[in-house]
1. Consider LYS227 against the criteria (1) in contact (Cβ under 8 Å) with a residue 60 or more places away in the chain; (2) surrounded by fewer than 17 Cβ atoms within 10 Å (Cβ to Cβ); (3) among the basic types (Lys, Arg): it satisfies all of them except one. Which criterion is unmet?
2. When you scan region 66-75, do you find a residue that is in contact with a Lys or Arg (Cβ under 6 Å, 6 or more places away or on another chain), open to solvent by 60 Å² or more (accessible area, probe 1.4 Å) and within 20 Å of ALA36 (Cα to Cα), even just one?
3. Taking strands (runs of 3 or more DSSP E) that do not extend beyond region 90-196, which have at least 1 residues that are farther than 20 Å from PHE66 by Cα and open to solvent by 80 Å² or more (accessible area, probe 1.4 Å)?
4. Output the qualifying pairs, or none if there are none: Cβ atoms under 9 angstrom, residues six or more apart or on different chains, first residue in region 177-196 and touching a residue at least 40 places away in the same chain (Cβ under 8 Å), second residue among the basic types (Lys, Arg) and open to solvent by 60 Å² or more (accessible area, probe 1.4 Å).
5. Name the single residue that is nearest to THR64 (Cα to Cα) among those in region 1-18 being open to solvent by 40 Å² or more (accessible area, probe 1.4 Å) and under 20 Å from the mean Cα position of the chain (by Cα).
6. Would you mention how many residues in region 27-41 are surrounded by 16 or more Cβ atoms within 10 Å (Cβ to Cβ) and either in contact with a Cys (Cβ under 8 Å, 6 or more places away or on another chain) or assigned to a helix (DSSP H, G or I) (or both)?
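The values are calculated or read from the model by the stated rules, or taken from the named source; none is laboratory data. It should be emphasised that the depicted structure is a prediction, and the values quoted were computed from it without experimental measurement. Cβ coordinates were reconstructed from backbone atoms using ideal geometry, including for glycine residues, and neighbour counts include every protein chain displayed. SASA here: full protein model, heavy atoms, side chains in, ligands and nucleic acids out. Shrake-Rupley method; radii C 1.70, N 1.55, O 1.52, S 1.80 Å.
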Amino acid sequence: MDRMAYIAMTGARQTEIAQAVNSNNIANASTTGFRADLHAFRSLNVDGPGYATRVNAVGESYATDFTQGATVTTGRELDVAVSGEGFIAVQAADGSEAYTRAGDLRLNTLGQLMTSSGNLVLGEGGPVAIPPSETITIGPDGTISVQPVGQGPQTLATVDRIKLVKPEYDALEKGTDGLLRRTDAASSPPDATVRLTPGALETSNVNVAEALVTMIGLARQYEMQVKTITTAEENADAAAALLSLR
């Protein structure tokens, strides 16, 4: 009976973790450029002295869904959407290089270009800094041009170029801050084939209907595992009652 209860208990615990991963996907269904997390279950033998009589159910977030989300036109001059594969290089909170698809950019008080999450956007020589200007234009190749203050619209000056990269997906992992990083902690070189769509944003790639169905399925699975634990306890009590009659 204890084996039955143990397997159901580990399964219920890992179902809770899987539910948390799925709930996080649903919560970010409207987050610009968000990439959904994928989870799966597997069984692992419990190591230890004696016979291998116990199996531990494990649920883990094992990958990221890199499917491209829908592109929505906004017309805002600092909004950009990555077309096809590729990422925008940003500076994480710890100073390391990280990658994102969130192109809802803005300027801080120092004139530095950053994402809506506050991560500085990297250019050819570090964080992008834009001087005071009348207008800002971001080209499909990431080139940033500005119309200097006091100058006419025919006067454009190139300030910097957003670092666009295209590392292999299997070389990336998502951090708790939602940013992607290389597993080897290295930085990726700029890739000229990565293109941007100015004045647009990429939506989250979370399929809300599918995520809701998964949530219901996980809830039912959890109920079944809890019921199995209860059944194991009832069977153990019945067996103990039978033995006490002797």
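1. For LYS227, the failing item is (1).
2. no
3. On the way: elements: 97-100, 133-138, 143-148, 157-161, 172-174, 180-182.
The strands (runs of 3 or more DSSP E) meeting that bar are 133-138, 157-161.
4. If the second residue must be among the basic types (Lys, Arg) and open to solvent by 60 Å² or more (accessible area, probe 1.4 Å), the pairs left are SER188/LYS166; PRO190/ARG161; ASP191/LYS166; THR193/LYS166; VAL194/LYS166.
5. Let us first name the residues in region 1-18 that are open to solvent by 40 Å² or more (accessible area, probe 1.4 Å), namely 1-4, 6-7, 9, 13, 16-17.
Now narrow it down to the ones that are under 20 Å from the mean Cα position of the chain (by Cα): 16-17.
Details: GLU16: 19, ILE17: 16 Å.
Once the filter is applied, the top-ranked residue is ILE17.
6. Number satisfying all stated conditions: 0.
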